[in-house]
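Values quoted throughout were computed directly from the atomic coordinates according to the rules given, and no laboratory measurement underlies them. Worth saying up front: this structure is predicted, and the values here are computed from it rather than measured. Don't worry about glycine lacking a Cβ; one is built from the backbone with ideal geometry, like all the others, and counts go over all protein chains shown.
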Amino acid sequence: MQSLKIRSYFFISGIIIITLLLATVLFYKNGMIKKSLIKSTEIFFEINTIQTVGRERASRNDISKILEKYQKTSLLSLDLNYIQSEVEKVAWIKKVIIRRVLPNTLSITIEEFIPRAVWIRGRDRYVLDKNGYTIEKISDDQFQNYFTIKGAEAELNLMNLIESLENFDEVYNQIDYANFVGRRRWDLHYKSGVRVLLPEDNIIDSLSLLETYIKDNKLIEKGHKKIDLRVDGKITTDRVSPNG
């Protein structure tokens, strides 16, 4: 009889405990406890500081318009990949790294494109990076002292020319602009009015020949205005076909 009472006691107690546990779970899932915990968490991790590092030329206003909607939102609920993709659409921005700095800071590190040249296309001017990427359209008074290129598809062939010229400062410093001719080769136009016709290939060898020949023969001082390097290993002056 005693053992029956004990079993009944434990059975009833178990039912009560299970009922309470189920009620607690359901109450948490749909009720005030869950809402209270979520609200407290959101408040604790609410963004109150957005740090940006590395911005120089990119528009501060454009970046602010993207980020301002995240002020006072929970740091934990952010989709960092989406924010990164949005910020990287801003002109001049090459790459963005976004980090959560708990409990309340969103950190944004910006890498910008480095301007290397100006591309004149008809009446329009564009600033390019070394790889020929078009950063943005610019006005006539911007980037006036930068290396200038002209011609269709000139931007696609900029990197090869720049890397070749980096080895020949005396040639590079004389250039007013470079014109990409027939979508296949470059003409270098000196500030003094000299026109240097480069070949399609072996640009470095041709520039080496040009630098040596100018020094040894003083072509510019003697008034030569056209220097033709299109034939491999040869240099001719003032007898260039007008067709380029």
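Evaluate the relative contact order of the range 45-112 (contact order divided by residue number), counting alpha-carbon pairs under 8 angstrom at least 6 apart; express in whole percent.
Numbers: 112 pairs, mean separation 32.6, N = 68.
That works out to 48 percent.
List, in order, the whole-Hz ³J(HN,Hα) value for each residue of the range 60-70 obtained from phi through the Karplus relation with A = 6.51, B = -1.76, C = 1.60 and θ = phi - 60°; use x for Gly and Pro.
4, 5, 4, 5, 4, 4, 6, 8, 4, 6, 8
Give me the percent of DSSP beta bridges within the range 117-237 that run antiparallel, rounded to the nearest 5. Mind showing how you got there, number by number?
Values: 20 of 29 bridges.
Taking every DSSP beta bridge with both residues in the range 117-237, the antiparallel ones total about 70 percent.
I'd like the trypsin sites (Lys or Arg not before Pro) in the range 168-200 restricted to DSSP loop residues with at most 14 other Cβ atoms within 10 Å, sorted by number.
Details: sites: Arg183, Arg184, Arg185, Lys191, Arg195; in loops: Arg183, Arg184, Lys191.
Those that pass, being in a loop and sparsely packed, are Arg183, Arg184, Lys191.
Could you give the length gained by full extension between Val231 and Asp216, i.e. 0.36 nm per residue of separation minus their alpha carbon distance, to one decimal place?
Difference between extended and current length: 3.4 nm.
The range 117-237: D in µm²/s via Stokes-Einstein (Kirkwood Rh, Cα pairs, 37 °C, 0.692 mPa s)? Intermediate results must be reported in sequence, preceding the final value.
Working: Rh = 14.7 Å.
This corresponds to a translational diffusion coefficient of 223 µm²/s.
Mind checking the full-extension length gain between Asp79 and Thr105? Use 0.36 nm per residue of separation minus the Cα-Cα distance, one decimal, nm.
Numbers: separation 26, 0.36 × 26 = 9.36 nm, distance 1.46 nm.
Length gained between Asp79 and Thr105: 7.9 nm.
Taking H placed 1.01 Å from N in the peptide plane, check which residues at least 5 places from Glu136 or on another chain put their amide H under 5 Å from its amide H.
Val127
Translational D (Stokes-Einstein, µm²/s) of the range 54-192 at 25 °C and 0.890 mPa s when Rh comes from the Kirkwood sum over C-alpha pairs? Could the numbers behind the result be given before it?
Values: Rh = 17.3 Å.
Rounded to a whole number, D works out at 142 µm²/s.
Over 22 Å between C-alpha atoms is what I'm after, so list which of Lys65/Lys94; Lys150/Lys218; Lys89/Lys150; Lys130/Lys234 land there.
Details: Lys65/Lys94 18 Å; Lys150/Lys218 28 Å; Lys89/Lys150 27 Å; Lys130/Lys234 29 Å.
As for pairs spanning more than 22 Å Cα to Cα, those are Lys150/Lys218; Lys89/Lys150; Lys130/Lys234.
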